[in-house]
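Okay, so here's the structure we're looking at.
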Amino acid sequence: MRLLLALALFALAPHALAVEPVRIVGETKYKPHSLVRLRAENVDPKAAILWRVHPAKGVQRATTPRGVLEFAAHPGTYEIELLVIRQTDAGLVVEESQITVAVEGCGQVPPAPVPPDPKPPGKANVEQAIGKLRFGSAGCTATVIGPRRPDGKWDVLTAAHCTGGVGSRGTFTLKDGRVLNVTVAARNADCDVTWLVTDSAVEDLPFANLAVKNPPVGTEVWHMGYGVDQPGNREDGRITGAETSDGQLQMELSVSSGDSGGGIFRADTNELVAVVCCTTERGRKVLMFGGSAERAARMRPVVKTDTDAWEPLAIPVCVVRKTDADWQPIDIPVRRK
């Protein structure tokens, strides 16, 4: 009986002594910014333990008790590997276990905020674009015309009889008190129009727009210059004649000394259609004239870019020189006795 019991125990012994395989225990999904925590099970107390995390970039591991892995990581999927190394009579035995964990993101990443549109260079504001012009002691009116030039400077429109020739310099004072130095860039005495350019680049100026076409007869217009009659007041009128041969429009409008060079604008669009030139009588609504927008547009100075400034250089014309191979001896004259 004892022998049978011993044999039975011997038969059961291998199963009783069998070791459970090592494994990793823990959650496999984690919320954003959560700490991943995993535990090794069925590990021999005397065995060495090695944890590996793939990918390892950006993983911040914490100091933990034996058999525990804790780390923080960016959203993504991570492969966790557990290696257990233990000593047996047969030598070293390495056991391993693997698990995949996922760290969730914060949902759909919101798009990067769209930066506000850059501040436009200037703003269309006709009344604020009108200012006082001074060349020497002569006082006139002028208007900033947009858009701003590519070089950052601004075009200013006035009458030719208010300025000197191309290259002469004056000052232009805006309603907000800013004083700008200006230089004559183009001048036509026939239509009495001058284009000035500010000497320096200016980030923000009020401006008016130049009409593309001359308005038809009967169009209502207005101007607001610095005439001595009523400085800075608005005068209304209308177009009474088409462009003349010298490039001027005929209007019925009240102007006076100091209004010269001021812009005349369409009442419906506020586009500049003419520049005050001359009148048949000062300080009353009478027949007067002004350089037309179409003529002014053809005169407007153009900013040359590097491409525009390129001009083909004339290729030199060379003279073909003859070589020794082309050399032919000339027969020497023979003088007979």
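A few comments on the model shown:
- Scan of region 78-96 for residues that are surrounded by 12 or more Cβ atoms within 10 Å (Cβ to Cβ) and over 11 Å from ILE49 (Cα atoms), ordered by number: TYR78, GLU79, ILE80, GLN87, VAL93
- Checking each residue in region 220-242 for being farther than 21 Å from ILE145 by Cα, in contact (Cβ under 8 Å) with a residue 40 or more places away in the chain and not small (Gly, Ala, Ser) picks out ASP229, THR240.
- Residues in region 230-260 that are under 20 Å from ASP192 (Cβ atoms) and acidic (Asp, Glu) were compared, and the one that is surrounded by the most Cβ atoms within 10 Å (Cβ to Cβ) is ASP259.
- Which numbered condition VAL193 fails, given (1) surrounded by fewer than 15 Cβ atoms within 10 Å (Cβ to Cβ); (2) farther than 22 Å from PRO231 by Cβ: (1)
- For the condition of a type in the set (Ser, Thr, Tyr) and modelled with pLDDT of 75 or more, THR269 qualifies.
- Exactly one residue out of THR141, THR77 is in contact with an Asp or Glu (Cβ under 7 Å, 6 or more places away or on another chain), of a type in the set (S, T, N, Q) and modelled with pLDDT of 90 or more: that is THR141.
- Qualifying residue in region 277-285 (condition: modelled with pLDDT under 95, farther than 20 Å from ALA142 by Cβ, not in a loop (DSSP other than H, G, I, E, B) and not assigned by TED's automatic domain parsing to the domain that holds PRO150): yes
- Taking region 43-67 as the range and being surrounded by 14 or more Cβ atoms within 10 Å (Cβ to Cβ) and within 14 Å of ILE99 (Cβ to Cβ) as the test, the residues that pass are TRP51, VAL53.
- Cβ separations smaller than 7 Å between residues 6+ apart or across chains give the following pairs from region 256-272 residues that are free of Cβ contacts under 8 Å to residues at least 60 places away in the same chain and farther than 15 Å from VAL126 by Cα to residues that are outside any strand (DSSP E or B) and not polar (S, T, N, Q): SER256/GLY227; SER256/VAL228; SER256/ASP229; SER256/ARG282; SER256/GLY283; SER257/GLY227; SER257/VAL228; SER257/ARG282.
- Test: SER260 is touching a helix residue (DSSP H, G or I) at 6+ places or on another chain (Cβ under 6 Å), closer than 21 Å to GLY139 by Cβ and not in a strand (DSSP E or B): yes
- Residue list for region 261-280, filter: hydroxyl-bearing (Ser, Thr, Tyr) and crowded, with 21+ Cβ neighbours inside 10 Å: THR279
- Scanning region 17-48 for residues that are among the hydroxyl-bearing types (Ser, Thr, Tyr) and modelled with pLDDT of 90 or more gives THR28, TYR30.
- Some residue of region 238-251 being closer than 19 Å to PRO301 by Cα and either out of contact with any Cys (no Cβ under 9 Å at 6 or more places or on another chain) or not in a loop (DSSP other than H, G, I, E, B) (or both): no
- The residues on offer are VAL202, VAL166, and the sole one that is surrounded by fewer than 20 Cβ atoms within 10 Å (Cβ to Cβ), farther than 26 Å from GLY232 by Cβ, out of contact with any His (no Cβ under 6 Å at 6 or more places or on another chain) and β-branched (Val, Ile, Thr) is VAL166.
- When region 45-95 is filtered for residues that are in contact (Cβ under 8 Å) with a residue 60 or more places away in the chain and over 18 Å from THR28 (Cα atoms), the ones remaining, listed by number, are VAL84, GLU95.
- Checking each residue in region 147-183 for being touching a Gly at 6+ places or on another chain (Cβ under 6 Å) and closer than 17 Å to ALA201 by Cα picks out ARG148, PHE172, THR173, LEU174, VAL182.
- Region 181-219, residues that are out of contact with any Leu (no Cβ under 6 Å at 6 or more places or on another chain), touching a residue at least 40 places away in the same chain (Cβ under 8 Å), polar (S, T, N, Q) and part of a strand (DSSP E or B): ASN188, THR194
The values are calculated or read from the model by the stated rules, or taken from the named source; none is laboratory data. Quick caveat: nothing in here was measured; it's all calculated off a predicted structure. So basically every Cβ, Gly included, is an ideal-geometry build from the backbone, and we count neighbours across all protein chains shown.
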